[in-house]
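Below: the structure, in structure tokens.
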Amino acid sequence: MFSFFLQVLGFYKCRMRWCSSSAFHLLRCVRLRLCSRRGQNRLPLWIREIWAYMRLLAKSLYFNSLTDSDVVFDSVFEPVFLTVDYVTRWFGLVFVYLVVILTSSIVGIAYVVLLPLILNTYSPPWIAWHVCYGHWNLIMIAFHYYKAANTSPGYPPTEKHDGPVVSVCKKCIIPKPARTHHCGICNRCILKMDHHCPWLNNCVGHFNHRYFFSFCLFMTLGCVYCSISGRNLFLDAYNALETHYQTPAPPYTFKDKMIHKSIIYMWVLTSTVGVALGALTFWHAVLISRGETSIERHINSKETKRMAKWGKVYRNPFNYSRLNNWKIFLGVEKRSHWVTRVLLPSAHPPHGDGLTWAVFPVKKDLIPV
């Protein structure tokens, strides 16, 4: 044992002598270089030596042959990302309460203002359609928002398991299955992570991705419904609001003025949210059709460009065709499921466990991780 210790100590001393001699020769070259340029610079030699040593030290600490524009961008904006993650982590419940309050306010205005107009204006068949559709849409919104916010997105097991592993998380230091990514806000790895949604105060992953998309879809439909149904009310309220400050003032009571402002508030909010959320829903629908998540979209885009330089075509190994992608995402296994699992509230689990994935027979190095 003592002899082994002496061998290790001797190797360490030899290595230190080699490193010291290498550093000495390197600094000597720097000194000779500076001496050759002495006539071109008026600064004393010892100042230029210190400056050269500082530059050499900085380059030795920060140089990386793999550095590109993406790495530089991530490094520069890392403080911004950390700040956003910190704020989102602490204000998550605030966003959830904001969604509940805004949605409840629109529902209250619809019951107090919009529904009486429908009952007094439309024929019985149209009244039945409005009442049925409005309540069905409200139930779908409330159900999917609750499930999306309270359902765990899915986490990889921390202990040893027999499932396939493609890498090891650098932050969690645990095996990471395919399509799994680390969330800086939740500080955990998420199965088939799409993104962290502050409006849910939860990550969107394998087990709640369908709830998130369904909530976005039905919330968009609800906003469009309120915006279209309340358009005439909005125009009347807007014209009436412009006459509030005329002389003489119109015979509007305080209740009338509040109703006018409530209608304008409802129409502006639903129209704005409908456009913004509709664009987000459309984007996620495109991703689902391609068998991608938001993170995988960026990964696949880089892989496509990388393989194009080699004259090859990259194919997403998790793209099973447009129709099959939707069936897998929605959990549709037979025709009746399009009604019972899509058009009605359903808490059925997603396809698979989020650890193993069937892929097309493509090359191993093309699988995004």
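General remarks:
- Under 5 Å, built H, 5+ apart or other chain: amide partners of HIS181: ILE190, LYS192, MET193
- Straightening the chain between TYR97 and SER301 buys 69.8 nm, computed as 0.36 nm per residue apart minus the Cα-Cα spacing.
- Using θ = phi - 60° and Karplus 6.51 cos²θ - 1.76 cosθ + 1.60, couplings along the stretch 277-291 (whole Hz; Gly, Pro as x): 5, x, 5, 5, 5, 4, 4, 5, 5, 5, 5, 5, 4, 8, x
- Violating pairs (Cα-Cα greater than 29 angstrom) within the set LYS59/LYS171; LYS160/LYS305; LYS192/LYS334; LYS147/LYS327; LYS312/LYS334: LYS160/LYS305; LYS312/LYS334
- Value in Å of the Kirkwood radius, where the stretch 77-167 supplies the Cα pairs that are averaged: 17.7
- By average C-beta atoms within 10 angstrom, highest first, the peptides 178-188, 49-59: 178-188, 49-59
- Here the stretch 252-369 was treated as a single set of alpha-carbon atoms; its pair distances binned every 10 Å from 0 give 11, 27, 26, 17, 10, 6, 3, 0 percent.
- Maximal additional length on extending the HIS195-TYR320 stretch stands at 42.8 nm, based on 0.36 nm per residue less the C-alpha distance.
- Listed peptides 295-306, 332-343 appear in the order 295-306, 332-343 once ranked by packing, highest mean of other Cβ atoms within 10 Å at the front.
- In order along the stretch 260-271, the phi-based Karplus estimate (6.51 cos²θ - 1.76 cosθ + 1.60, θ = phi - 60°) of 3J(HN,Hα) comes to 4, 5, 5, 5, 5, 4, 4, 5, 5, 5, 5, 5 Hz; Gly and Pro are listed as x.
- Extended-chain gain in nm, criterion 0.36 nm per residue less alpha-carbon gap, ARG42 and SER289: 82.2 nm
- Projected-area mean, the stretch 122-176, by convex hull of Cα positions, square nanometres: 6.6
Bear in mind that the values in this text are calculations on the coordinates, not laboratory data. Predicted model only: the values in this text are computed from it and were never measured. Methodologically, a virtual Cβ is constructed for each residue, glycine included, from the backbone with ideal geometry; neighbour enumeration extends over all protein chains shown.
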